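Data first, discussion second: the structure below is written as structure tokens.
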Amino acid sequence: MRRGDAPTSGMTVGGPSWRYLPVALALALPVLVCVVWTWLHANSVQRQEAGMAARIVRVQAESILSQSWDMVERVAGLASGPCAELLPDLQRWGALNPYFRSLVLARDGRVYCSSALGGVDASVDDFSRWPVRISPDVWPLTVTGTPLAPDRPAVLVGKSRPDGYSGIVEVDGRYVQDLLNAVATMGDLQLELIVGKGAPIRSDSWGRSAAPAMPLYRETASGPGGAALAIDVMVPPEALVQAWSRSMLTYLPAALLIGAGLALGAYRLQSSRQSFKEQLRRAMRADEFQVHYQPLYGQATGRCEGVEALMRWERPGVGPVRPDIFIAAAEAEGMIVALTRHLLTLIERDVRTWATPPDFRIGVNIAPEHLSSAGLVPDIQAFVASVAARRPLIVLEITERSLISDNGQARRNIDALRAKGLRVAIDDFGTGHCSLSYLQEFPVDYLKIDKGFVQAIESAGEEAPVLDVIITLSSRLGLAVVAEGVETQRQFDYLKARGVAFIQGYFFARPMPSAEFARWYAEDAQAGAAGQAG
Ligand code: G
Ligand code: MN
């Protein structure tokens, strides 16, 4: 197995176990949102219903109470005559007005006249089973029964006169109860009404649910005559769950649909990423990558003193893939180390066919991830050993970016490799983060000036001040300069005049495949020899 192939599986980021986590999340998220939202929605709908129910009860209770107050005024206003005389009035009022069970007259704590029973003599304390005190501050109040109908709740309203007479109106609780029952069906509700400090009147559904009901809404009001009204609405949890599932039934299909769409998108993205890795691996196995070599002009000899290895990918049936694109993608997919190892095997294969002298420079671009990995030194050592027959001088071209983000490993790698005689160049100098401080910290050998600065040299007599400063800076730091992207005679002359050690660019030579480079190099050597001879 070739060296470039073996490590690729080790580079895979993540196993299949969590590879599809984003897909699962994309599916689950809308469903989760739907579940939570429908729960909140069901709650708010139930609370709204409960509020509506409570308001209906309040309005009706207020209306009954206000009629009772009117009635009790009239009852208490009846003269303090004998019952036989007053009874016809009491009976007429009781019969002609809704709600009232009986209208009662009392004197000094004793009931002596009732619209239902006629003349009676009973202690007001008979009401005490449903604790009643005829005192101004307890009216009105709800009771669970009266002497006439001990099992049916009622609302009592009374008015005492200073002369010891009192009028009492008993409102039949049935009306209130029917109302509570009717309103309770609005949403499986349980309701109770308390007037004053009395006992609660409750809907039949009260306490009937399997699980304890939860308080949902409480309405309080001060009714006619300052009577305190409290209406409590409870809902059994099963009703809430039912409303929730109804709401969920409505929205879940849409959430599932959205989730499925997102999951499909995530899956496509995932599998296209997956397949890009696969494509790279396949391309390496199928030998689709090639290295082009761009010659480097050396000022000292006036000839080619090295090359930069540049990766090329020619996809069958597709054509060339731009290196900046597939290199960036390989970096993003965690494949750049595998790809660079593959590149080294290709260079090794090519170098065997060349006739280059010892110390011929071979520049190799090293990505930040590789530079800061513990695998770099063994990789490069293996490469150096494999090309030992030609004894080239290997120059690692690294970016400013990888130095600035270094956590120590890059520095250790650089130190180790330089100690073994390798050289390090800072590539595309000046285009990264312009922090010059790392130049003092990191021991490097070359600065490769980016073509952008070189292309500032346009016409004769014009200055390229930034370029000049970089050249001066390099010599002050003891670094050799490589100028990149040199395309014209003028640029070439300008750089030569300023003592730039190496010049790279289309003006001198374009990047070319290995065989073509070997031929070109032989001709360049001949031309040099001829030049020297002549
Ligand atoms: O590793 P680096 O970014 O330095 O790669 C050098 C790049 O510059 C490669 O893409 C190479 O094809 C390109 N290149 C080499 N010589 C020239 C040149 O003279 N002009 C221009 N525009 N690009 C060049
Ligand atoms: Mn480079």
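The values are calculated or read from the model by the stated rules, or taken from the named source; none is laboratory data. What you see is a predicted model, and the numbers here were worked out from it, not measured in a lab. We place every Cβ from the backbone using ideal geometry, glycine too, and count neighbours over all the protein chains shown.
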Restricting the range 131-152 to residues that are in contact with a Gly (Cβ under 8 Å, 6 or more places away or on another chain) and modelled with pLDDT under 75, the residue that is surrounded by the fewest Cβ atoms within 10 Å (Cβ to Cβ): Val138
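Within the bounds of the range 483-499, is there any residue that is touching a Ser or Thr at 6+ places or on another chain (Cβ under 6 Å), under 28 Å from Met311 (Cα atoms) and in the same structural domain as Asp524 (by TED's automatic domain parsing)? Steps first, answer last, please.
As a first pass, look at the range 483-499 and keep what is touching a Ser or Thr at 6+ places or on another chain (Cβ under 6 Å): none.
Scanning the range 483-499 turns up no residue that is touching a Ser or Thr at 6+ places or on another chain (Cβ under 6 Å), under 28 Å from Met311 (Cα atoms) and in the same structural domain as Asp524 (by TED's automatic domain parsing).
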Restricted to the range 408-448 and to residues being more than 38 Å from the chain's Cα centre (by Cα) and of a type in the set (Val, Ile, Thr), the residue surrounded by the fewest Cβ atoms within 10 Å (Cβ to Cβ) is Val444
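Here are Glu348, Glu333, Glu369: which of them is touching a residue at least 24 places away in the same chain (Cβ under 8 Å) and under 19 Å from Arg282 (Cβ atoms)?
Details: Glu348 fails: under 19 Å from Arg282 (Cβ atoms); Glu369 fails: under 19 Å from Arg282 (Cβ atoms).
After applying the criteria, what remains is Glu333.
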Looking only at the range 480-499, how many residues end up being away from ligand 2 (no atom under 16 Å from the Cβ), buried (at least 22 other Cβ atoms within 10 Å of the Cβ) and of a type outside the set (Ser, Thr, Tyr)? 2
All but one of (1) away from ligand 2 (no atom under 16 Å from the Cβ); (2) under 22 Å from Gly334 (Cα atoms) hold for Glu397, so report the exception by its number. (1)
If I ask for residues that are of a type in the set (Val, Ile, Thr), closer than 19 Å to Asp350 by Cβ and either part of a strand (DSSP E or B) or within 40 Å of the chain's Cα centre (by Cα) (or both), which ones from the range 378-407 would you list? Ile394, Val395
Residue check, Ala497 against (1) small (Gly, Ala, Ser); (2) more than 43 Å from the chain's Cα centre (by Cα); (3) more than 25 Å from Ala300 (Cβ to Cβ), all met but one. Which one? (3)
Looking for something more than 38 Å from the chain's Cα centre (by Cα) and either on the phi < 0 side of the Ramachandran plot or not hydroxyl-bearing (Ser, Thr, Tyr) (or both) - is there at least one such residue anywhere in the range 364-374? yes
Of the residues in the range 282-302, those that are surrounded by fewer than 20 Cβ atoms within 10 Å (Cβ to Cβ) and farther than 14 Å from Tyr521 by Cβ number 10
Over the range 153-192, the set of residues crowded, with 18+ Cβ neighbours inside 10 Å, under 19 Å from Ser203 (Cα atoms) and of a type in the set (Asp, Glu) is Asp172, Asp188, Glu192
Boolean, Ala338 is over 18 Å from Pro511 (Cβ atoms), within 16 Å of ligand 2 (Cβ to nearest atom) and surrounded by 20 or more Cβ atoms within 10 Å (Cβ to Cβ): no
Within the bounds of the range 450-470, is there any residue that is of a type in the set (Asp, Glu), away from ligand 1 (no atom under 16 Å from the Cβ), assigned by TED's automatic domain parsing to the domain that holds Leu310 and within 45 Å of the chain's Cα centre (by Cα)? no
Those residues of the range 8-44 which are over 14 Å from Ala260 (Cα atoms), at pLDDT below 90 and surrounded by 14 or more Cβ atoms within 10 Å (Cβ to Cβ) amount to Thr8, Met11, Thr12, Arg19
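Right, Arg418: farther than 12 Å from Pro368 by Cα, within 16 Å of ligand 1 (Cβ to nearest atom) and in contact with a strand residue (DSSP E or B) (Cβ under 7 Å, 6 or more places away or on another chain) or not? Full working, then the answer.
On the way: farther than 12 Å from Pro368 by Cα: yes; within 16 Å of ligand 1 (Cβ to nearest atom): no; in contact with a strand residue (DSSP E or B) (Cβ under 7 Å, 6 or more places away or on another chain): yes.
So Arg418 fails the test.
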Please enumerate the residues belonging to the range 281-309 that are under 20 Å from Glu333 (Cα atoms) and in contact (Cβ under 8 Å) with a residue 60 or more places away in the chain. Arg281, Met284, Arg285
Look at the range 287-331 and say how many of its residues are within 16 Å of ligand 2 (Cβ to nearest atom) and of a type in the set (S, T, N, Q). 1
